[in-house]
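One structure is given below, encoded as structure tokens.
The values are calculated or read from the model by the stated rules, or taken from the named source; none is laboratory data. Please read all numbers here as calculations on a predicted model, not as lab measurements. Every residue, glycine among them, receives a Cβ derived from its backbone with ideal geometry; neighbour counts consider all protein chains shown.
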Amino acid sequence: MNVAASNIANISTTGPLPASGGSSASAGAGIAPTFPAAYVPLRVDQVSQSSGSTPGGTVATVSTVSPSYTAQPDPSAPFANQDGLVAAPNVDLASEFAQLVTARYSFVANAKVIQAYADTQDTLLDIKA
């Protein structure tokens, strides 16, 4: 959920295109200002652990999205290149919301499994609360 929330929160965090060197073409003479890079979106990959020393379940790994940015027109940005393009995070908003919903239902399902285990254990031991 943290990865999807971070991607959604930073969807508008643009920066200079890497080829532009981080400075504006209209910076004028003197020291050219540098600007922070665009937000680099992350993704979560879940890999089955059906083999190995502890079979079963999944493990989640966080990695960067590739390509991490797309060129987007924004000629008013001070770091836009000579064509008026900036680097925008490569975030698919619909996919991020789908990941949030999936994470929510996964949490609910896991909580129900734990509750069912506790109920079964109580019944097995004949302990009534």
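Exactly one residue out of ASP74, ASP83, ASP122 is at pLDDT below 90 and not small (Gly, Ala, Ser), and it is ASP122.
Rundown of residues vs (1) among the small types (Gly, Ala, Ser); (2) surrounded by 10 or more Cβ atoms within 10 Å (Cβ to Cβ); (3) in contact with a Gly (Cβ under 6 Å, 6 or more places away or on another chain); (4) in contact (Cβ under 8 Å) with a residue 40 or more places away in the chain, yes/no style:
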site	(1), (2), (3), (4)
GLY84	yes, yes, no, no
LEU93	no, yes, no, yes
TYR117	no, yes, no, no
THR123	no, yes, no, no
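Cβ-Cβ distances below 9 Å connect the following pairs, each with a first residue in segment 54-74 that is without any contact (Cβ under 8 Å) to a residue 40 or more places away in the chain, a second residue that is among the β-branched types (Val, Ile, Thr) and loosely packed, with under 12 Cβ neighbours inside 10 Å, and a separation of six or more residues or different chains: THR58/VAL47; VAL59/VAL47; ALA60/VAL47; THR61/VAL47. Would you check if there is a residue in segment 90-109 being at positive phi and either in contact with a Phe, Trp or Tyr (Cβ under 6 Å, 6 or more places away or on another chain) or not in a helix (DSSP H, G or I) (or both)? Checking segment 90-109: not a single residue is at positive phi and either in contact with a Phe, Trp or Tyr (Cβ under 6 Å, 6 or more places away or on another chain) or not in a helix (DSSP H, G or I) (or both).
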